[in-house]
Amino acid sequence: MSGLDEPNSGFAEGARRAAGADWDAACHHPFTVALGDGRLDPGVMADYLVQDYAFVGTLVSMVGFAIGRAPDISAQGRLASFLAAVTAEENTYFQRSFEALRVPQADRRAPRLEPISQQLIAAMQDAGANGSYGEILATLLPAEWIYLTWAEAQAGKAPDDFYFREWIELHVNDGFRAFVMWLKDETDRAAAGAGQAERGAMARRFARMVRLELDFFGIFHPR
């Protein structure tokens with residue numbers, strides 16, 4: 001019996017259990033531990049932020065599709081608030097970090113993308129263009145949930161350099177935690193109202209994103 005088939009299990013928890021070792025490895029990756037300890041080489045942190053920033057715009061577009069397909073204005077409002085945070089305070093963090101890490105303007109605007117970054121972008125683009133509301137949520141949830149989980153594990157370390165410390169804080173504050181828990185519940189609601197084919201598609205998208213997040217961290221710090 002897979003995690004998705006366990007009785008009394010919501011879709012999100014079942015998908016997380018089904019991801020198994022990939023989920024655990026992504027949430028406790030040596031890269032995130034080194035980031036929390038503040039012992040990543042600044043050049044590695046710069047490379048990571050450049051690659052991460054390159055698909056923020058795609059993430060925003062994907063969530064925009066979710067807002068258009070959301071079942072009610074309450075869900076639209078929660079997703080819109082998330083976008084406001086990404087395009088405001090998180091974007092400001094990126095710009096300050098790029099300045100501190102002396103990232104060239106060309107790398108900020110049009111960097112050479114790693115294959116995994118390209119795959120992450122493609123997965124989000126496909127979910128937004130071709131996926132149902134539930135499929136978009138099942139693509140967004142693992143990315144945000146993994147970041148919440150690793151940031152909670154690193155919280156309290158407070159590395160000296162702000163680009164380490166504030167990256168953790170952006171993903172471990174009460175507002176972000178509340179959004180991820182809402183997103184988890186909303187994904188469960190979408191799955192509960194979906195047919196078998198759509199639930200299968202949601203499960204595949206969830207598992208794919210977990211693996212991509214794991215492989216993305218591996219670019220910057222092999223396990």
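Where a number appears in this text, it was derived from the coordinates with a stated rule and is not lab data. Only a predicted model underlies this, so the values are computations on that prediction, with no experimental measurement involved. Here Cβ is always computed from backbone atoms with ideal geometry, including for glycine, and neighbour counts include all displayed protein chains.
Odds and ends about this structure:
- In this Cβ point-charge picture (+1 for Lys and Arg, -1 for Asp and Glu), the stretch 10-220 has a dipole of about 420 debye about its Cα centre.
- Cα-projected label distance for Ala178 with Asn91, points at 7 Å along beta-carbon direction, nm: 2.3
- Ranked by how many other Cβ atoms sit within 10 Å of their own Cβ, fewest first, the residues Lys184, Lys157 fall in the order Lys157, Lys184.
- Arranged from fewest to most other beta-carbon atoms within 10 Å of their beta carbon, Asp215, Asp185 become Asp185, Asp215.
- Relative contact order (%) - criterion: Cα under 8 Å, at least six apart; region: the chain: 35
- This model, with +1 at the C-beta of Lys and Arg and -1 at the C-beta of Asp and Glu, gives the stretch 99-223 a dipole about its Cα centre of some 360 debye.
- Taking 0.890 mPa s as the viscosity and 25 °C as the temperature, the Stokes-Einstein diffusion coefficient of the chain based on its alpha-carbon Kirkwood radius rounds to 138 µm²/s.
- Taken along the Cα-to-beta-carbon direction at a fixed 7 Å, the label points for Arg108 and Glu152 span 3.4 nm.
- Counted by Cβ distance under 12 Å from Arg223, the other residues give a net charge of -3, where Lys and Arg count +1 and Asp and Glu count -1.
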